[in-house]
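The values are calculated or read from the model by the stated rules, or taken from the named source; none is laboratory data. From a predicted model like this one, the values you see are computed outputs, not experimental measurements. With ideal geometry, Cβ positions are generated from the backbone for all residues, glycine too; neighbour counts draw on all protein chains shown.
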Amino acid sequence: MKQYILKRLGLSVITVFLVAVIVFFLTHILPGNVARQYLGRGATEEDLVEFRRVFGLDKPLLSQLFIWIKDLLQGDLGTSMQYRGPVADLLLPAIGYSSKLAGVAFFLIVPISIFGGVIAAMNRGKKIDRVITVGGLSAAVIPEFVWAIVLVLTVGVTFQIFPVTAFPEEGNRGVLNQIWHLILPSISLLLVLFGYIARIARAGVIEALESDYMRTAVLKGLSRKKAVTKHVLRNALLPTIAVIASQVPYLIGGLIAVEIVFNYPGFGTILKGAVDARDYAVLQSGVIISSLVIVGFQLIADILFALLNPRIRQKVSE
Amino acid sequence: MSETPTLELRNLEVAYTVRGIDRQVLRDVSFSIAPGEAYGFVGESGCGKSTAAFAAMRYLPRNGKITGGSILFEGNNIVDMSDGQVSDLRRSAISMVYQNPATALNPTIRVGDQVAEVFQLNGVSKSDALAMAEQALTRVQIADPIQVLRRYAHQLSGGMAQRVVIAMALASNPRLLVMDEPTTGLDATVEAEVLDLVRELRRDTGTAVLFISHNLGVIRHMCDRVGVLYAGALVEQGATADLFNNPSHPYTVGLLRCIPRGGLHKSTDRLDTIPGTPPALGTKFDGCVFAARCALAEDKCQSSQPQMVTIKGNHVARCFLSDKASSLPRSAEQIEFASQSATTAHEVGETLLNVSHLSKVFTQDGHQVRVINDVSLTLGVGETLGLVGESGSGKTTIAKLVLGLTAPEEGGVVSLDGKGLAKTLNRRDVHDVGAMQIVFQNPDQALNRRHSVTRIVGRAVERLRSFSVSESIDRAHELLSGMRVEATLHSARPVQLSGGLKQRVAISRAFAGAPQIVVCDEPTSALDVSVQAAILNLLVDLQKQDKTSFIFISHDLGVVRYISDRIAVLYLGRVVEFGSSQRVFNGPFHPYTEALLSSVPNFDGSIRKRIPLTGVVPSPSNPPSGCVLNPRCPRKAGSGYETLCETEEPNLTEVEPGHFMRCHIPVAKLKQLQS
Ligand SMILES: Nc1ncnc2c1ncn2[C@@H]1O[C@H](COP(=O)(O)OP(=O)(O)OP(=O)(O)O)[C@@H](O)[C@H]1O
Ligand code: SF4
Ligand code: SF4
Ligand SMILES: [Mg+2]
C-alpha cells in the first residue's frame, strides 16, 4: 500500500512539473512585448531594459525557467507585474476565500447528489427517478454563471431569501454568516454537478442492486432496507468517489465563473484580473496551484478507492 | 404418504412482462418434494428451471409475476405471505445456492462476516456468530476455516467459494435447499467434490433439495426424483431410475439420445439431435407444447393438450403417445449417415502438425510462471486431437501457441507439413494463417455484432483467400448453407441468432480460408445438449468431407471421447498421458487421468469408484518438486516409488505402442492396481 501511494505521489509530482514547464513556455512564447505593454508607449529604452532586468526577462529562456522553478520550490511565487508586489500576497488570501466557497459547495453537492442518485436507483422507473435523472441532466446543460445570475435575480433580489453577494460586510464576518452568504453560489454549482454525480451514483446502486451478492443477501433473509445499507451502498459508491474526484476540475472552472458573478474576492476573480492585465506571474502561479489541487484530489480519490476496495487494496499491497 | 410435503407447487403460472405484454413462462406446473427428498429439474436452457427455483424462494425478477396457482411451503402458501414473513422463512427454513459462487459473495465484505451475518440475523451476537461461522466452514470441509473467514471473495477458488456459499445456505439448518446449477462452471474434479459434499450433508441433515442442472449425469447421481421441463411445462416426472431407464416423453427420449454417452465414437455412431428450437418466451399453444419438434406428433397433438398419464407407479408423462415414446424415430440425418458410413470409413492420414518442446513462461507480479512445460504433440491429416485437463492446466495456452497468438520460448517449434512456422501470427504469411483457424467457446464475443452474418464470413474469405468482394460473398453464402444456416438468416446480425446458430456462423468463418487445422476451444460448452449434438455432427461431417484436422478442447470428457482420435491429458502445463481415445479412456490409466475420469458422474447410472485427488491444483509459479502430481497423486502412496515421485520428474515415455505416460510406476503395475 505504501508503495502504491508513493508511486501515485511520484506520478502526481511529474504531472505538476510537466504542467509547470508547459505553462512557462506558453506564457513566454505568446506574442507581444511584455515590458512595452506594461510601461506604455511613452517608456524609454532604458525603462524597458530596467523592467526586463527586474523581472528577469533579460536572461536566456532556460535559465528563466530554472530560476522560476527554483523559486517556486522555495515557496516564492514571483512578483506581480500588475501590482508590483509578491504574487503570494495576492493569491494566498484569495485561495483562502475560494477554499471556503469550495468547501461549502462540496459539502452541499456531494451528499445531496449521492442521496438523489440512491433515491432514483431505489425507485427505478418510477416518477421520482425520472424527475431526478431528467431534471439533473437538464440543469447541468445550463452553465454555472447563468444559474448564478438566475438565482441572484430570483431568490436573491425578488424573494430576498439569500444575500446577493457572497461576501458579508465588514464587521459581520462570523462563520455562520460567511457560510450563509456562500449558499447561493454553492447552489449554482450544485445545479450543474448534481446531474453527473447523481447519475453515477444511481448507476452504481442499480448495478449493486442487481448483483448476485444482493440476491444472496435478500435470500439470506435480510430485509430489503437492511440489504441495501449493508451490501449495496459501499459497493455502489466506490465508482462514485472516483467520479467526484474527476469533477474537481469542473468545480474549479465553475468556481471561477460563480465568483465573478457574485463579486467574491476569490482565486477566480484574481485570475480573471490577471488574464485581463496579462499578469504572467500571477497566471503561471494560478495555473500551478489549480493543477496541484486537481492532482491532489485525484490522488486522494485513488487512495480512497483502493482503501475501500479489497481487490485493489490487495493488489497494490503485493 | 399423508406427510405434508416440504415444498409443493400447485398449478403454478408465472409470466414475465416484456415491452408491456405478459409472457407466460411457467405453465401449470405442479409437483411436490417430501421432507428429505432430492428432486431434480432438467430441460434445455430457457425452459424455466431457474424461474421455478426462484419462484419457490418467492424471488422473481422485477418484471416477473405469479399469475396463478400456489406455492406451499410445509402447507403454507408463500404467495400470499407478507414480505416480513417471507424474510423470516428465508432466515430460518429455506435457502438457495446458485451458479457462479464468485459473484454470489459480496466483494467488499470479509467472507467470515458474510457467513456470520446469517447467525446474527437469527439473534446471535457478533462474536458468537463468528465462532459459529468457523464451525459452518468446518462442516463444508474447508481445511483452514479461520484463515478463510478473513479472506475476501476474490481470494477464493471457485470450489472454495461454492463451499462458502453452501455453508451460508446451510447455516440456518434449512428444511428446504434450492440449488440452481450449483456446480456448473466448476472443474470436473471440483464439481465431484462439491457434489460429494452435498450428498453427505444431505445424509446428515435430511434437508429436502430442489436440484437444477442441465447435466443429466449430475441429476442422475444427486436426485431421488426428476421432473423434465419443456417450454415451462412439466412434461415428465418420475423416480430417477425409472425416468432414465424408461423415458416416456418424446422430449426426454430425444434429450437423452443427444448426449455423447460412454463408448460412443464418431467413427461408428452419429449423435441424435432434436430438430428445431424451443419456442419463444410467451408462445401460446392449442395443443402439446412439444408438437412442433416431435417426430411422433399426430393431428390431435396440434389441437388438444395432453394430460399427465401414469406410466408406472409415480412415473408420469404428458403425452398422448407415451407408450410409443421409446420408438421415437431417430433424427433424419442419422439415416443418411448410416448409408454413408459403410463407404467412408474413418482413417487418419500422415502427420500434418508437429509441435515440439513448446514452453511458455509468463511474468506475473515479478514472478516467472512456467505455464507450459516442454509439450510435444503430433496431429495427423483428418485427425482430431483432444486436449483435457483441469482449468489452468494450459489447454488454451497450447492452442494459442500453435496458432501463433502467443510466442513460445526459445527451442519450441511448430511445424506444418514439415515446414517450421514463424512464432507469431503477424510474421506468418496468409497461407499459414488461413491454414489454422480457431472456434471459441463464446460466439457472442467472437462475432462482430454490427455486421451481418454474410459480411462476417465474407470478410474472412476476402482476407484469407484474396477473393474479390462478390466472389467472397458467394463463397460466404455457400459456407453458411453448408453449415446449415438458412439463407433467410444470411443477412441477420448475430444478436438475432440463437447460441447454436451463432456457433455455426463462427465455424463457417473458421472454414473461410479452407483451413487444414481448426482449433475448437470449448466450442459447445455454452450450448444445450441438443445443439451440441448438431454442432458435433457438423464438425465430424466437415472432417470427413475435407480431411480437416481438429484440436479439440473441452472439459466435458464425454464430448472429447466421442470426437477425438487421440487425446492428450494435461496437468500443470505438462502432457501426462497421450494416446488413442480408446486407450486413454479404457486404461491402463495415468493416475491423474484415472482420477479425472472417476470424477465424472456417469449418466447411465453405473457407479464408478471415485479416485479422489486430494488438495488443490498447485500454482504453476511454484510447482512441487519431483513429479508435479505427487502431492495429490492417488497412486503414489504404497506404490514403492514414493521417494522417486517426490524427487525426480518422470519423463513422457511410450509405455505401449502409441501410448505415452509420464509416471514412475511401470505400466504393468498401474494396470494391476487399476483392475
Ligand atoms: N427477467 C426476465 N424478463 C423476461 N424474460 C425472462 C426473464 N428472466 C428469464 N426470462 C426468460 O424466461 C424463460 C425462462 O428462463 P429461465 O431462466 O427460468 O430458464 P432456465 O431453464 O433456467 O434456463 P438456463 O438453463 O439457461 O438457466 C427464458 O425464455 C428466459 O429468456
Ligand atoms: S403429445 Fe404428441 S406432440 Fe406431444 S410429445 Fe406426445 S406425441 Fe409428441
Ligand atoms: S510419478 Fe508418482 S506421483 Fe507422479 S503420477 Fe506417477 S505415481 Fe503419481
Ligand atoms: Mg437457469
What are the residues in region B:17-61 that are within 14 Å of chain A (Cβ to nearest Cβ) and more than 7 Å from ligand 1 (Cβ to nearest atom), if any?
B:T17, B:R19, B:G20, B:A53, B:F54, B:A55, B:A56, B:M57, B:R58, B:Y59, B:L60
Cβ contacts < 6 Å: first residue away from chain A (no Cβ under 13 Å), restricted to region B:179-190; second residue within 11 Å of ligand 4 (Cβ to nearest atom), any location; separation 6+ or different chain. Result?
B:T184/B:Q99
How about region B:404-430: which of its residues are polar (S, T, N, Q) and assigned to a loop (DSSP other than H, G, I, E, B)?
B:T406, B:T424
Within the set of pairs 6 or more residues apart or between chains, which connect a residue that is over 20 Å from A:G268 (Cα atoms) inside region A:144-156 to a residue that is of a type in the set (F, W, Y) and at pLDDT 80 or above with Cβ atoms less than 7 Å apart?
none
Tell me, which helices (runs of 4 or more DSSP H) lie completely within region B:586-675 with 1 or more residues that are in contact with a strand residue (DSSP E or B) (Cβ under 6 Å, 6 or more places away or on another chain)?
B:591-598, B:667-674
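Residue-wise test of (1) in contact (Cβ under 8 Å) with a residue 24 or more places away in the chain; (2) at the interface with chain A (Cβ under 8 Å from one of its Cβ atoms); (3) within 30 Å of the chain's Cα centre (by Cα); (4) closer than 26 Å to A:S211 by Cβ.
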{"position": "B:T67", "(1), (2), (3), (4)": "yes, no, no, no"}
{"position": "B:P101", "(1), (2), (3), (4)": "yes, no, yes, yes"}
{"position": "B:P107", "(1), (2), (3), (4)": "yes, yes, yes, yes"}
{"position": "B:N122", "(1), (2), (3), (4)": "yes, no, no, yes"}
{"position": "B:A133", "(1), (2), (3), (4)": "yes, no, no, yes"}
{"position": "B:P145", "(1), (2), (3), (4)": "no, no, yes, yes"}
Among the residues that make up region B:568-576, is at least one of them touching a helix residue (DSSP H, G or I) at 6+ places or on another chain (Cβ under 7 Å) and not in a strand (DSSP E or B)?
no
Any idea which of B:V118, B:V86 is at the interface with chain A (Cβ under 10 Å from one of its Cβ atoms), touching a residue at least 40 places away in the same chain (Cβ under 8 Å) and surrounded by 16 or more Cβ atoms within 10 Å (Cβ to Cβ)?
B:V118
Helices (runs of 4 or more DSSP H) wholly inside region A:217-269 that include at least 3 residues being within 14 Å of chain B (Cβ to nearest Cβ) and closer than 24 Å to B:F54 by Cα
A:224-227
Any residue at all in region B:467-489 that's under 30 Å from B:L613 (Cα atoms) and crowded, with 24+ Cβ neighbours inside 10 Å?
no
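Each row is one residue, and each column tells you yes or no for (1) farther than 30 Å from B:E577 by Cβ; (2) charged (D, E, K, R); (3) modelled with pLDDT of 90 or more; (4) within 16 Å of ligand 4 (Cβ to nearest atom).
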{"position": "B:R293", "(1), (2), (3), (4)": "yes, yes, yes, no"}
{"position": "B:L296", "(1), (2), (3), (4)": "yes, no, yes, no"}
{"position": "B:S303", "(1), (2), (3), (4)": "yes, no, yes, no"}
{"position": "B:E336", "(1), (2), (3), (4)": "yes, yes, no, no"}
{"position": "B:Q364", "(1), (2), (3), (4)": "no, no, no, no"}
{"position": "B:S376", "(1), (2), (3), (4)": "no, no, yes, no"}
Quick check: is even one residue across region B:251-263 without any contact (Cβ under 8 Å) to a residue 40 or more places away in the chain and closer than 24 Å to B:S45 by Cβ?
no
Please specify each residue of region B:436-457 satisfying the condition of being within 17 Å of B:I398 (Cα to Cα) and either of a type in the set (A, V, I, L, M, F, W, C) or not assigned by TED's automatic domain parsing to the domain that holds B:V531 (or both).
B:M436, B:I438, B:V439, B:F440
Collect the residues in region A:78-125 that are of a type outside the set (A, V, I, L, M, F, W, C), surrounded by 16 or more Cβ atoms within 10 Å (Cβ to Cβ) and assigned to a helix (DSSP H, G or I), keeping them in residue-number order.
A:Y97, A:S98, A:K100, A:S113, A:G116, A:G117
Among the residues of region B:188-224, how many are polar (S, T, N, Q), away from ligand 3 (no atom under 16 Å from the Cβ) and under 14 Å from the mean Cα position of the chain (by Cα)?
2
Can you name the residue in region B:490-507 that is within 23 Å of the chain's Cα centre (by Cα) and of a type in the set (S, T, N, Q) and is also surrounded by the most Cβ atoms within 10 Å (Cβ to Cβ) among such residues?
B:Q503
Report whether or not B:Q162 is facing chain A (nearest Cβ under 8 Å), polar (S, T, N, Q) and within 29 Å of the chain's Cα centre (by Cα).
no
Would you check if A:S211 is modelled with pLDDT of 85 or more, buried (at least 24 other Cβ atoms within 10 Å of the Cβ) and hydroxyl-bearing (S, T, Y)?
no
Yes or no: A:G273 part of a helix (DSSP H, G or I) and more than 14 Å from chain B (Cβ to nearest Cβ)?
yes
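Residue-by-condition table, conditions (1) under 30 Å from B:D204 (Cβ atoms); (2) within 13 Å of ligand 4 (Cβ to nearest atom); (3) in the same structural domain as B:L177 (by TED's automatic domain parsing):
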site: B:V18; (1), (2), (3): no, no, yes
site: B:I33; (1), (2), (3): yes, no, yes
site: B:G40; (1), (2), (3): yes, no, yes
site: B:S50; (1), (2), (3): yes, yes, yes
site: B:R58; (1), (2), (3): yes, no, yes
The lone exception for A:S188 - which of (1) assigned to a helix (DSSP H, G or I); (2) touching a residue at least 24 places away in the same chain (Cβ under 8 Å); (3) over 17 Å from the mean Cα position of the chain (by Cα) it fails
(3)
With A:G75, A:G56 as the choices, which residue is outside any helix (DSSP H, G or I), surrounded by fewer than 16 Cβ atoms within 10 Å (Cβ to Cβ), out of contact with any Pro (no Cβ under 8 Å at 6 or more places or on another chain) and at pLDDT below 75?
A:G56
Consider only pairs whose beta carbons are under 7 Å apart and that are at least six residues apart or on different chains; among these, list those whose first residue lies in region B:316-336 and is within 18 Å of B:I535 (Cβ to Cβ) and whose second residue is within 16 Å of ligand 3 (Cβ to nearest atom) and modelled with pLDDT of 95 or more.
none
Out of B:R27, B:R19, B:R10, sole residue that is within 16 Å of ligand 2 (Cβ to nearest atom) and more than 30 Å from B:E200 (Cβ to Cβ)
B:R27
Return the residues of region B:177-219 that are in a helix (DSSP H, G or I) and within 16 Å of ligand 4 (Cβ to nearest atom); say none if nothing qualifies.
B:L216, B:V218, B:I219
Looking at B:M81, B:M96 in this structure, which one is of a type in the set (A, V, I, L, M), at the interface with chain A (Cβ under 8 Å from one of its Cβ atoms) and touching a Leu at 6+ places or on another chain (Cβ under 8 Å)?
B:M96
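Residue-wise test of (1) in contact with a Gly (Cβ under 9 Å, 6 or more places away or on another chain); (2) not acidic (D, E).
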| position | (1), (2) |
| --- | --- |
| B:L72 | no, yes |
| B:N77 | no, yes |
| B:D83 | no, no |
| B:V86 | yes, yes |
| B:L105 | no, yes |
| B:T108 | no, yes |
| B:Q114 | no, yes |
| B:G123 | no, yes |
| B:K126 | no, yes |
